[in-house]
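The values are calculated or read from the model by the stated rules, or taken from the named source; none is laboratory data. The shown structure was predicted, so the numbers you read here are calculated from the model rather than taken from an experiment. All Cβ positions, glycine included, derive from the backbone under ideal geometry; neighbour counts span all protein chains shown. All accessible areas refer to the heavy atoms of the entire protein, side chains included, with ligands and DNA or RNA removed. Shrake-Rupley method; radii C 1.70, N 1.55, O 1.52, S 1.80 Å.
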Amino acid sequence: PCLTRLLSPLAEKTGKVLGEFCRCYKEQYGVALFNSVRYEIEGNGGPQAQLLHRKVPLEDHVIYSGNLFQYIEENKKWRNRFCVVPHNYGLVLYENKLAYERELPPRVLVNSAGYKVLTAVDQYLELVNNSLPGVTPKSGHSPILKCPTDFPLILWHPYARHYYFCVMTGKEQEKWRAVFQDCVRHCNNGISEDSKVEAPAFTDAIRMYRQSKEHYGTWDMLCGNETQVLSNLVMEELLPELRNTIGPRLKGKAQERQRTWIQISDAVYRMVYEQTKAQYDAAMAKCELEQPQMESTIRTDMDQIITSKEHLASKIRAFVLPKAEICVRNHVQPYISSILEALMTPTSQGFAEVREVFFKEVTDMNMNIVNEGGLEKLAEYMEKISHLAFHPVKMQSCYEKMDQLKLEGLQQRFDVSSTSVFKQRAQIHMRQQMDDAVYTFETLLHQELGRLQGKDDLCKSIQRILERVLKKYDYDSSTVRKKFFREALLQITIPFLLKKLAPTCKGELAKFQELIFEDFANFILVENTYEEVVLQSVMKDIMQAVKEAAVQRKHNLYRDSMVMHNSDPNLHLLGEGVPIDWGEEYSGQPESESATDKRRRAKQVVSVIQDDEGVLPYKVGAEALLQPGSPEPREPEELDPGAPPSSPDGVEEIREALVEESLASPRADVPSGVTMPCAAPAPPKPRADVPSEAKAPHVTPASSPAPGAETAGMTCHQPSDKETGEEVATLVSECSPPQPMGTTESGEGVQTEF
């Protein structure tokens, strides 16, 4: 009841925060549109990439699938689940493999944006204890979670519900951890760089809004797509008030209060999410409606707008630059080389590992062809190599190099909340460079195949193409790293400078507003121009530092003067062709083979199961994952809500289940390490309501099926809360979290949008 009374003012405050943000967004939209049109006219492109870029890297593929155990909070039991990770990187959990094969709808759909992957219960308990200060179970009391094995996998989110899994061996845990982290990495990177107007307008609006609240520096919760990021922004403001209001009223044992708090936070997050999506979509639609008229004005008056902006910048520069230069000289310049060195060492090691993994995979393939021979074997190996960049386990050795990144004292000095932003960005670059190298290699090899005579020619050609691609990789990776270093240095130093200069400069900016013609006010903002001047004050030092670093051979960077001219003028034309299907062209399969059998071959990037039946039966579109409402049917058992989270019998139950499963498993006779094909998901439908998204290669999210809509050739029953067993149990508290609005599952689907 008290929480219900609280929801009304929370909704009002949410609306107020969103209203302020939408005003920022409208202002930034005009600036971003002007910058986009100006760039289109003036150009200023950087060095041309030497490697090809694949347009749709994971179409019709599954990343991973296999069994693990999930803790069901409603009946406090661990249950076996069959997990499929489709090409959109959602986690799709089925009752078991049989349910997956019978085309039954999944139990749970999870988007992992904003989550942390934990592999120790102690790590999780520490985060839970910190989320509600003053509520910590006494020594000897049962914690909020018990894991029946020594190999847990926990997905933790600061606002949304948590997910608990476990496996039986350390090897399984490491593999699933790599898969989960890849899902988090991909889902976090949800704002499209291909969107030249909406994306910069949104990110600049987020930054401006947070700076208006005195929040400078990097932000860990810039995760997911626009609605998810904006929901995190709102929760950042709501949570302290919610904690102060609700925390003291929670009753019961410490672990029960913690459990209740997690449910309440998740319920509020859902409410915020729904309100955010509606309000942001309306603001974006309004801006898009005004775009044609604004763009017409920009193209007509481009020269006058540029002249007006340069006049404004000169006045601001005369006022700000002397102060900014002193601040840079005293507080930034002495630390640039230290920051750069801290960034360069792990990043360069990671890119070197990408090169090594690519070289090893291709060399191993070449040696196997020498021993076994034939185009059929080549097709088998190339099907695996073609998706090497999306193999979470093989790429893990590259990604983990970034774990060494530590800014130590610099992190506190420059108000960097954590290094995760930079780690994740570098890892995304690594994956992209690996895929570009692989795609270029397979394109060049495919072109050569028609001219080869015998096995010897094939092996020599593979070696020659490998060396050619590695040279291109070295050049492109150098370009990408230097750009990453410059951007990271700016991300660290600019917020610091803005915060330092704010007391003496920010209050004086209003007087410059009169210098902007009213007709151009939508495209020129004083605040943005001020930030550009501050950026110019430090940019020279950053460029010089990166230039000097390129001379150091240990980082394997090309000097800026080294320009690799396009030695393959027709290569980029090859990249525009039809994607290569190695299995279909060179596998030597009989013509009578069915289309289903052809699709099934090598459709899983990381295989741990054998699946002999068709394609992914339940069409999992990203938008389906984005909506609250994934059903989790009630388990047969009804347990006391006050019972502890697990019992000692949990271990025995899991062991018995594993014994039964191993006896019935169709892969019991498959040797360890053998890659088996798996079914692929149906490709998602394009979304019309959300701009193209992905800072890295990204499959555009699909449309959300309405409740009761036909999905994958069947009508998916949407059970009620009582049918699913997902209603929140009566809590020993004055405040009970409300049922999720418009959902049949207390948290199992909305995370796909968070």
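Could you compute the net charge surrounding residue 402? Neighbours are other residues with a C-beta less than 14 Å from the C-beta of residue 402; K and R count +1, D and E count -1.
On the way: positive: 185, 401, 406, 423, 425, 431, 481; negative: 182, 353, 400, 403.
So the environment of residue 402 carries a net charge of +3.
Could you sort 460, 97 by accessible area so the largest value comes first, with the probe set to 1.4 Å?
460, 97
Work out, step by step, the length gained on full extension between residue 451 and residue 288: first 0.36 nm times the residue separation, then minus their alpha carbon distance; give nm to one decimal.
53.5 nm
Between residue 504 and residue 360, 0.36 nm times their residue separation minus their Cα-Cα distance comes to what?
Values: separation 144, 0.36 × 144 = 51.84 nm, distance 5.66 nm.
Stretched fully, the residue 504-residue 360 segment lengthens by 46.2 nm.
Mind jotting down the distance between the C-alpha centroids of the range 315-329 and the range 284-304, whole Å?
Comparing the Cα centres of the range 284-304 and the range 315-329, I get a distance of 33 Å.
Sort 307-318, 113-124 by packing, meaning the average of other beta carbons within 10 Å per residue, with the highest value first.
Highest mean packing first, the order is 113-124, 307-318.
Order 422-429, 241-248 from most to least packed using the mean count of other Cβ atoms within 10 Å.
422-429, 241-248
Could you give the nm distance between label points at residue 406 and residue 12, where each point is 7 Å from its Cα heading toward the beta carbon?
4.9 nm
Give the lysines whose C-alpha is closer than 21 Å to that of residue 251, dropping any in the same chain fewer than 8 places away, or say none.
Straight-line reach from residue 251, under 21 Å: 76, 138.
Under a cut-off of 20 Å between alpha-carbon atoms, report the lysines in cross-link reach of residue 213, not counting same-chain residues fewer than 8 places apart.
The reachable lysines, counting only those whose Cα sits under 20 Å from residue 213, are 13, 16, 26, 499, 500, 506.
With r defined as the distance between the Cβ atoms of residue 397 and residue 471 and R0 fixed at 30 Å, what FRET efficiency is calculated, to the nearest 0.05?
0.85
Fully extended, how many nm does the chain gain between residue 96 and residue 237 (0.36 nm per residue separation, minus their Cα-Cα distance)?
Computed gain between residue 96 and residue 237 is 46.7 nm.
Amide H neighbours of residue 159 under 5 Å, at least 5 residues apart or on other chains, H built in the peptide plane: list them.
HN-HN under 5 Å from residue 159: empty list.
Taking a 19 Å limit on the Cα-Cα distance, which of the listed pairs 360/394; 309/482; 360/472 fall beyond it? It would help to have the intermediate numbers written out before the result.
Details: 360/394 11 Å; 309/482 29 Å; 360/472 17 Å.
Beyond 19 Å: 309/482.
Distance cut-off 29 Å, Cα to Cα: go down the list 277/511; 97/253; 116/540; 460/547; 116/171 and report the pairs above it. Walk me through the intermediate numbers first.
On the way: 277/511 36 Å; 97/253 38 Å; 116/540 37 Å; 460/547 38 Å; 116/171 20 Å.
The pairs that break the limit, which is 29 Å between Cα atoms, are 277/511; 97/253; 116/540; 460/547.
If packing is taken as the mean number of other Cβ atoms within 10 Å per residue, what is the order of 155-168, 471-484, 223-236, highest first?
223-236, 155-168, 471-484
For residue 41 and residue 486, what is the calculated FRET efficiency with R₀ set at 22 Å and r taken between the beta-carbons, to the nearest 0.05?
Plugging the Cβ-Cβ distance into 1/(1 + (r/R0)^6) gives 0.35.
Assuming R0 = 25 Å, can you tell me the calculated FRET efficiency for the pair residue 551 and residue 349, based on Cβ-Cβ distance, to the nearest 0.05?
Plugging the Cβ-Cβ distance into 1/(1 + (r/R0)^6) gives 0.85.
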